[in-house]
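Enquirer: Let me give you the structure first, and then I'll get to my questions.
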Amino acid sequence: MKRIRKQLWIFLIVGVLALLVGCPIVCDRYVEKDRELRTQIREIVREKYPVEADEIRSRYGIKPAGGKDYVPGRDNSSNVILVHGLDDPGKVWMNLAPVLAERGFRVWFFNYPNDQPIEESAALFHDEMALMRQNGPETLSIVAHSMGGLVTRDMLTRPEFDYSGKVADGRAPKVSRLIMVGTPNHGSALARFRIFAEFREQMVQLFRGDYVWLQSVLDGAGEAGLDLTPGSPFLKRLNSRPHPEDVSMVVIAGMMQGGEHSDIDTFISDLKDKLPDTAQNTIDQLENFMSSMAQGLGDGLVPVDSAKLDGVPLHIVPGTHLSIIRNISKKSSREPPAIPIILEYLNSPS
């Protein structure tokens, strides 16, 4: 039995290494064909299963926290829209949203099919903002986590949307502030391995009881992961544009601390103790790969250099991609380090 377990460990490690090395090569070489195929599959499934597609579509859009709609003339609080990132099962705002409500802010959530092309998500956001303006606030702020910052930037700067023109005509609310938390403005190499995050998202929804048949395809076929790859056509288009007009922007980036880097050493040490000498060469390769990835990775997913934007204030806080904005446990009394900065900017003159 012990021998079988050791062989399984070796097989697992070798498989992970093969995936880490081989997947980027295949994705980089066939990225456009891959993207087209994913989109075609999504459209075929959407046409074949219209009921499921409509059920999932009803979940998306700008939704008020607590289910209470905006009441014109009665709600004088500052409005804040929270925009999640890639493969987020809905917990990223578990600490920030209650704090904002306690401080008198009116909180909204923008939910979207996070695996679809980012430009499609931005188009949905654009349409939802126009609907919101018809019976909602004239001015608001946006706090976006991870890919949500890219969705928001695209919505605000895409020429064909002419968002600033719509604001001037009263057809869209003015965005006074955009606070980006852990946003990969120049991409993330780990986006290639988003299949693991997708699995996590689907499992959370399944156990929460709101999973819909074919959800993993109907909310996008992984095109967003291709858009997040450094140097992608989407990122080139987005970063070639000027920043949105009259929007006060700030970037908050995470930086892993020494204790978090030491987790790699602990993991490798445990493997060396459990596996036979014949596996040591494979373990050494895995250790070198993980260590090189950890160096300069920033929050573990987004390098600090990727989060930076020319001319935009940058705040670096300790933590990982998620811990900078939320706690892992609901029982924790810890204040995620990005929250005080977010509150400071939301309360400052725009």
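Enquirer: Considering only Cα-Cα distances, which of the following residue pairs are longer than 25 Å: K91/K236; K236/K308; K63/K174; K174/K331? Before the final figure, lay out each step's value.
Expert: Values: K91/K236 30 Å; K236/K308 15 Å; K63/K174 18 Å; K174/K331 37 Å.
Violating the 25 Å Cα-Cα cut-off are K91/K236; K174/K331.
Enquirer: With Cβ to Cβ distances under 15 Å as the rule, what net charge do the other residues near D310 carry (K, R +1; D, E -1)?
Expert: Values: positive: R153, R241, K308; negative: D305.
After counting each charged neighbour, the total is +2.
Each reported figure results from applying straightforward, stated rules to the coordinates on display, with no laboratory input. If you're wondering where the values come from, they're calculated on a predicted model, not measured in any experiment. Neighbour counts run over all protein chains shown; Cβ positions are idealised from the backbone, glycine included.
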